[in-house]
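Colleague: I am attaching a structure below and will ask some questions about it afterwards.
Just so you know, all these numbers are worked out from the coordinates, no wet-lab data involved. Quick caveat, the model's predicted, so the values are computed rather than measured. Heads up, the Cβs are rebuilt from the backbone with ideal geometry, glycines too, and the neighbour counts pull from every protein chain shown.
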Ligand SMILES: Cc1cc2nc3c(=O)[nH]c(=O)nc-3n(C[C@H](O)[C@H](O)[C@H](O)COP(=O)(O)O)c2cc1C
């Protein structure tokens with residue numbers, strides 16, 4: 001409480017500090033504030049509330065499949081449900097990447113991007129971490145996922161310094177090769193992936209793992225997904 005009060009006191013009395021830097025500090029400290037123009041008393045109240053409130057980790061979840069009954073989107077739905085029930089201080093936001101145009105440098109103008117790309121990049125920037133759920137296409141990441149990654153990577157790189165985890169469900173390799181390609185891509189993006197546990201689900205092998213809507217119905221896989229999310233939760237907290 002004392003430390004945060006002084007933080008806000010400094011903010012109010014230091015006009016030389018850039019506002020966007022202050023917002024970034026507040027974001028990292030998970031302090032919800034609408035404006036730094038508010039009176040000091042209001043800020044102190046916000047600081048006190050932030051100290052008492054349990055901080056919420058925000059995870060942006062991206063699916064690499066457009067298929068209506070996608071198993072991988074089903075994994076994201078299962079992850080959202082697991083967090084709501086068991087990991088209440090981590091919230092997963094599903095980020096729809098279907099509306100992003102196919103990457104083309106001609107669509108960039110003096111560092112600005114088409115509207116859906118700006119929206120997408122903002123959501124990634126604001127997240128504390130990322131959950132990728134994607135099928136493997138021909139031994140690698142799907143074009144949908146790569147397109148989203150490429151848009152996010154344009155300067156300033158929206159992925160930089162975030163914790164991340166990958167889950168996959170699919171055919172013969174169940175996405176294992178895609179996962180290792182994605183980790184390789186993450187080196188340049190400056191993404192930090194958890195190493196363990198891995199979750200690579202052979203969707204077409206018995207017992208049945210998903211229902212016809214793509215919802216995860218296998219209890220063992222749900223338990224493994226929960227362990228992966230707990231690992232991501234701990235890792236993101238260490239990075240913040
Ligand atoms: C173009 C294409 C390429 C694929 N390549 C692979 C592959 O290399 N390895 C694999 O395990 N599955 C492969 N699959 C099978 C997908 O992993 C499987 O269809 C998966 O269920 C798709 O994910 P979704 O249910 O989220 O749509 C491929 C599927 C398509 C359509």
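Colleague: Over the stretch 98-210, what is the mean sequence separation of C-alpha contacts under 8 Å (at least six apart), divided by residue count, expressed as relative contact order in percent?
Modeller: Relative CO of the stretch 98-210 lands at 26 percent.
Colleague: Highest first, please rank the peptides 225-237, 182-194 by the mean number of other Cβ atoms sitting within 10 Å of their residues.
Modeller: 225-237, 182-194
Colleague: Kirkwood hydrodynamic radius, computed over distinct alpha-carbon pairs, for the stretch 128-228: how many Å, to one decimal?
Modeller: By the Kirkwood definition, the hydrodynamic radius is 14.2 Å.
Colleague: With Rg and the Kirkwood Rh both taken from Cα atoms, where does Rg over Rh land for the stretch 199-240?
Modeller: Rounded to two decimals, Rg/Rh equals 1.13.
Colleague: Then there's this: Take every DSSP beta bridge whose two residues both sit in the stretch 115-240, then give the antiparallel share in percent to the nearest 5.
Modeller: On the way: 3 of 14 bridges.
Looking only at bridges with both residues in the stretch 115-240, the antiparallel portion is about 20 percent.
Colleague: What distance in nm separates the two pseudo spin-label positions at residue 161 and residue 240, each 7 Å out from Cα along the beta-carbon direction?
Modeller: Using points 7 Å along Cα→Cβ, the separation is 1.5 nm.
Colleague: Name the shape class, rounded, prolate or oblate, that the alpha-carbon gyration tensor gives for the stretch 87-163, where a ≥ b ≥ c are the square roots of its eigenvalues, rounded holds for a/c under 1.5, and otherwise prolate holds if a/b is larger than b/c and oblate otherwise.
Modeller: oblate
Colleague: Tell me the relative contact order for the stretch 50-147 as a rounded percent, counting alpha carbon contacts under 8 Å between residues six or more apart.
Modeller: Computed value for the stretch 50-147: 45 percent relative contact order.
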